[in-house]
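Q: The structure under discussion is supplied below as structure tokens; questions concerning it will follow.
Just so it is clear, none of the values below were taken in a lab; they were calculated from the coordinates. Computed from a predicted structure; not experimentally measured. Every residue, glycine among them, receives a Cβ derived from its backbone with ideal geometry; neighbour counts consider all protein chains shown.
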Amino acid sequence: MRIEFERFGGFAGMRLRATVQTETLPAAQAQEIEALVVAADFFDVPPNLSAPQPAADRFQYEVTVTDGERCHTVRADETAVPVTLQPLLRRLTRMATRN
């Protein structure tokens with residue numbers, strides 16, 4: 001599984017990026033990431049999740065997951081992120097801050 005992650009916007013406007021190839025991670029970490037993708041039901045999340053009231057200083061996320069023949073991209077405003085997707089975004093954010 002390959003995951004492209006980007007978080008941008010926010011008060012400082014800083015960008016965080018990470019590319020995750022689960023086959024290059026330790027087995028436990030790869031299983032954790034893949035489980036978060038499954039728990040989020042990622043491939044069924046709508047591609048665009050917009051906040052009802054746009055506002056400055058919110059984070060925006062863009063995540064693309066490729067798993068075999070399946071590929072799906074989700075773009076989301078932080079206030080529109082479904083609860084099921086939040087753990088995956090938190091984990092990817094932590095990984096991006098370590099790069």
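Q: Of the labelled options (1) 38; (2) 45; (3) 57, which one gives percent of Cα pairs over 19 Å apart as computed for this structure?
A: The listed entry that was calculated here is (1).
Q: Hey, with R₀ at 41 Å, roughly what FRET efficiency would GLU32 and ASP57 work out to, going by the Cβ-Cβ distance, to 0.05?
A: About 0.85, to the nearest 0.05.
Q: Can you list the residues, at least 5 places off or on another chain, whose amide H is less than 5 Å from the amide H of GLY10, using H built in the peptide plane?
A: ASP57, ARG58, PHE59, GLN60
Q: Counting DSSP beta bridges in the chain, what percent are antiparallel, to the nearest 5?
A: Bridges in the chain are about 90 percent antiparallel.
Q: Can you compute the helix-only [θ] at 222 nm over the chain? Use -39500 (n - 2.57) per DSSP H run of at least 4 residues, normalise by all residues, nearest 500 deg cm²/dmol.
A: Values: 2 runs with 25 residues, N = 99.
Estimated from H runs of four or more residues: -8000 deg cm²/dmol.
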